[in-house]
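The values are calculated or read from the model by the stated rules, or taken from the named source; none is laboratory data. Note that the structure is a prediction, hence the values are computed from the model and not measured. Glycine gets a Cβ as well: all are built from the backbone with ideal geometry, and neighbour counts include every protein chain shown. Only protein heavy atoms, including side chains, enter the accessible area calculation; ligands, DNA and RNA are left aside. Shrake-Rupley method; radii C 1.70, N 1.55, O 1.52, S 1.80 Å.
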Amino acid sequence: MFDDVWIEVMRKGAAEQEQQVADHAQDVNLQVHILTAVAEALLQAEADQLDPWATVYAAVPKELLIATVAQVKALARPVDFDYLDLVEPKYVPLRQSLLQLYQTLEFHAFRRREPALLALAHVVRLAQRKQRVTTVTTTLGRTTVHAPLAHITERWRRHVLDGTTIRPNHYEAAAFDQLRAGLRSGDIAVAQSRRYRPFESYLLPPDYWSHLCATGASRLARTEDAQTYLGERGERIHTQLTALQADVGPTSGLTVDATGALSLARLEEAVPALAKNLSRRCYRLAPRIDLVDLLREVNLWTGFLDCATHQTTGQPLDREEALPLLAAILASGLNIGLTAMAKATAFSERQLAWAADWFLHDDALQAMLVKLDNFILHQPLSQAWGDGTRSSSDGLRVRLGVKAANADRNREYFDDGRGITIYLHLADVGPPFRQRVISTNESEAWYVIDGLCNHETEFNLHEHATDTGGSSEHVFGMCAMLGFRFTPRLAAPLDRTLWTIGKPPSYGPLDPLVKGRVSTRLITAHWEEVKHLAGSIRHGTTPASVLMRKLAAYPRQNQVAQTLGEIGKVEQTLHLIEWFRDETYRRRVEVRLDRHEGANALGRALFFGRRGIMRDRAFQEQMHRASCLVILMAAVIAWNTVYLTDAIESLRSQGVAIADDPLPHIAPLGWRHINFLGRYSFKSPIYDLQNRRPLRSGTIVDLDEPPGDDGTDTQGYW
């Protein structure tokens, strides 16, 4: 929450600067023209040997020039165009809360003297005496105390210090800014916290890790020494670059023009018309079905509801008794809520709440998803889509209608509102196998490896695709150590650097891309530490997202983080070379990411309740709703897979020749034949004005009682 609050403070400062620029754009434009006329007059006076002041005042009257200079001074922003001077009004209302946070939590520095903590301790010490930090030296009783200044970076210095005078609000804001940086990087820990601990505590104990390595149980893909790795990778990069150099030309996707600029041919659509027609014919043959009936049928096939066991007895519900579970999953996954679902079914809200509270716990929801995924994997048609060895991940954006600690502003996705991201991992056979609610402005790359290492399905994942948002050099490096082939679709790949191991020879037209050399010294010195880090993730000591977040936030001097980045540069270079050389490789990645967009579209179609706006504040409630949504997605994919198989067999039995080639292009993500909305009945009895419906019976309530959650607080009065 502190992290999000501080981001909001800085964001508001930047937004105010943008607004000021926009509000005064016309005035600034006019002043630029006036000052340009002055400059031109001075240049003319010098060239023609004229009186400079007479020439200037002939072009621009003196009074106008004086007024313009005054206006420019008032509107001018700092030379570096920084907005820290606008942060103070945003910080002041939060000051007491932030100081209370600092005094409530117990912070520990890994260094003996952490500048941010020393500065905040000084602020609190003076605050207890009802004083502020206004000077470099302060007298407390008979003691002269010097204000700590080490936390003041160059960016903050001109805002905080004016000789020996200190601006207190900027002094404190600079300290909190450094506190946030220290928490994110791991230089500062919080007592009894799981996320903000000393970095070494996230790793396997050194003795135990040495034992695993000695017995060959490290479970890493890279068990050789650093020199062997560098030699093998260096030779492979040289071989691939040489082959790519030979491939450059009109017959290749990578071409070079007369100026030496490289360009990569755009992939043309390769879905044959036959596959599109076949997909349409198959979906036309698929039976029309209500979503409730679909779930009941899929449960009959798979028994996924048997995974929902009572939290105390450990027993599942039998047959008809389990139907409230389906209703509760629908209520959450469709985002309509238990109250609305109770009105649309024969179950009471109390029944649905009981089922959700006692049976739909996290382990049960994950086990349901695993059972559905395994069922899809073993269907005959799914073999045309993949074998469960490839996957992809991307974010499903969801707007929030309430204030939540993890909700972010992002104009691209939510306009002026806030929202979250449901980060989904999808297998090549179609279904999602892991979901995680994250803040929209968080890096998706931190969560890529979580899904690859922590799933209980029968998928044997070896290759993973993301878009640019899920990519980083650290992810490349970690995937290589763990044995996953990372194949992201990177934006502007020709603007990326190709790295070599050692001084490279000339590769002709590729030389503009080959602009960097990997630090072999770093890799050699810290290779074993990186293996220790990867082994800790593989053995589940700490979630990969926590460690990846720490590594991304570490300052540049952290050698392990740098080393993992250097390994990532090697792996990213090999990925880019193959991306340039192999059109099939590019197309395979594009197809998986396009399928993922189709899955996101299915998720948005299912999540239609409340106009697709989530209203859960707590992270656990958001995760519960996301888990129910992916179960609905997996159930739809499972049902489609079975009936698409039947449709293909039916067409073949009618004499339609269907080869295997178009089958990989048929996606089990359609939903037009599925009724998500329920049914409206027009056969129930109606009442006229003389014989109206009886009022509901109920207890007498106090009219001063606050409204309930049935909508009467907004719809029952004007």
For this session: Test each condition in (1) open to solvent by 70 Å² or more (accessible area, probe 1.4 Å); (2) not in a helix (DSSP H, G or I) for Glu649 and report the one that comes out false.
Result: (2)
Exercise. Restricting attention to region 34-80, and to residues there that are closer than 26 Å to Asp23 by Cα and among the polar types (S, T, N, Q), which single residue is most open to solvent (accessible area, probe 1.4 Å)?
Worked result: Gln71
Exercise. Which of the following residues is among the hydroxyl-bearing types (Ser, Thr, Tyr), farther than 23 Å from Phe619 by Cβ and within 18 Å of the chain's Cα centre (by Cα): Thr457, Thr487?
Worked result: Thr487
Seminar exercise, completed: Exception for Asp450 within (1) open to solvent by less than 30 Å² (accessible area, probe 1.4 Å); (2) outside any helix (DSSP H, G or I); (3) at pLDDT below 95 falls at (2)
Problem set entry | Flag for Ile376 being surrounded by 23 or more Cβ atoms within 10 Å (Cβ to Cβ), under 29 Å from Gln311 (Cβ atoms), touching a Cys at 6+ places or on another chain (Cβ under 8 Å) and β-branched (Val, Ile, Thr) | no
For this session: Please work out which one of (1) at positive phi; (2) in a helix (DSSP H, G or I) is the condition Lys130 fails and give its number.
Result: (2)
For this session: Using the structure shown, decide if Gly678 is modelled with pLDDT under 90, surrounded by fewer than 16 Cβ atoms within 10 Å (Cβ to Cβ) and within 30 Å of Asn374 (Cα to Cα).
Result: yes
Exercise. Is at least one residue of region 185-196 open to solvent by less than 20 Å² (accessible area, probe 1.4 Å) and on the phi > 0 side of the Ramachandran plot?
Worked result: yes
Problem set entry | Scope region 197-219; condition open to solvent by 70 Å² or more (accessible area, probe 1.4 Å), within 18 Å of Pro543 (Cβ to Cβ) and in a helix (DSSP H, G or I); matching residues | Glu200
For this session: Could you give me the residue pairs with C-beta distances under 8 Å whose first residue belongs to region 463-492 and is free of Cβ contacts under 8 Å to residues at least 24 places away in the same chain, whose second residue is in a helix (DSSP H, G or I) and not hydroxyl-bearing (Ser, Thr, Tyr) wherever it lies, and which are 6+ apart or on separate chains?
Result: Arg485/Cys479
Seminar exercise, completed: When every residue in region 293-310 that is crowded, with 19+ Cβ neighbours inside 10 Å and of a type in the set (Val, Ile, Thr) is compared, the one nearest to Leu326 (Cα to Cα) is Val298
Exercise. Looking at Ala328, is it within 31 Å of the chain's Cα centre (by Cα), farther than 24 Å from Tyr643 by Cα and loosely packed, with under 13 Cβ neighbours inside 10 Å?
Worked result: no
For this session: Can you give me the number of residues within region 229-263 that are open to solvent by 60 Å² or more (accessible area, probe 1.4 Å) and either under 34 Å from the mean Cα position of the chain (by Cα) or of a type in the set (D, E, K, R) (or both)?
Result: 4
Problem set entry | Cross-chain or 6+ apart pairs with Cβ under 6 Å, region 166-187 first and of a type in the set (Asp, Glu), then at pLDDT below 85 and assigned to a loop (DSSP other than H, G, I, E, B) | Asp187/Phe110
Seminar exercise, completed: Looking across region 18-36 at residues that are within 35 Å of the chain's Cα centre (by Cα) and touching a residue at least 24 places away in the same chain (Cβ under 8 Å), the single one that is nearest to Ala59 (Cα to Cα) is Val21
Exercise. Within region 272-286, restricting attention to residues that are open to solvent by 60 Å² or more (accessible area, probe 1.4 Å) and touching a residue at least 40 places away in the same chain (Cβ under 8 Å), which residue is nearest to Asp495 (Cα to Cα)?
Worked result: Lys276
Problem set entry | Filtered residue count, region 81-103, keeping only those that are of a type in the set (Ser, Thr, Tyr), open to solvent by 30 Å² or more (accessible area, probe 1.4 Å) and out of contact with any Lys or Arg (no Cβ under 9 Å at 6 or more places or on another chain) | 2
For this session: Could you please give the count of residues in region 104-133 that are open to solvent by 50 Å² or more (accessible area, probe 1.4 Å) and in contact with a helix residue (DSSP H, G or I) (Cβ under 6 Å, 6 or more places away or on another chain)?
Result: 1
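This table checks each residue for (1) assigned to a helix (DSSP H, G or I); (2) of a type in the set (S, T, N, Q); (3) touching a strand residue (DSSP E or B) at 6+ places or on another chain (Cβ under 8 Å); (4) at pLDDT below 90.
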{"position": "Thr524", "(1), (2), (3), (4)": "yes, yes, no, no"}
{"position": "Thr542", "(1), (2), (3), (4)": "no, yes, no, yes"}
{"position": "Val546", "(1), (2), (3), (4)": "yes, no, no, yes"}
{"position": "Val560", "(1), (2), (3), (4)": "yes, no, no, yes"}
{"position": "Thr563", "(1), (2), (3), (4)": "yes, yes, no, no"}
For this session: Test Leu400 against the criterion of being open to solvent by less than 20 Å² (accessible area, probe 1.4 Å) and farther than 26 Å from Trp639 by Cβ, and give yes or no.
Result: yes
For this session: For region 211-256, enumerate the residues that are within 17 Å of Glu566 (Cβ to Cβ) and of a type in the set (A, V, I, L, M).
Result: Ala226, Leu230, Ile237
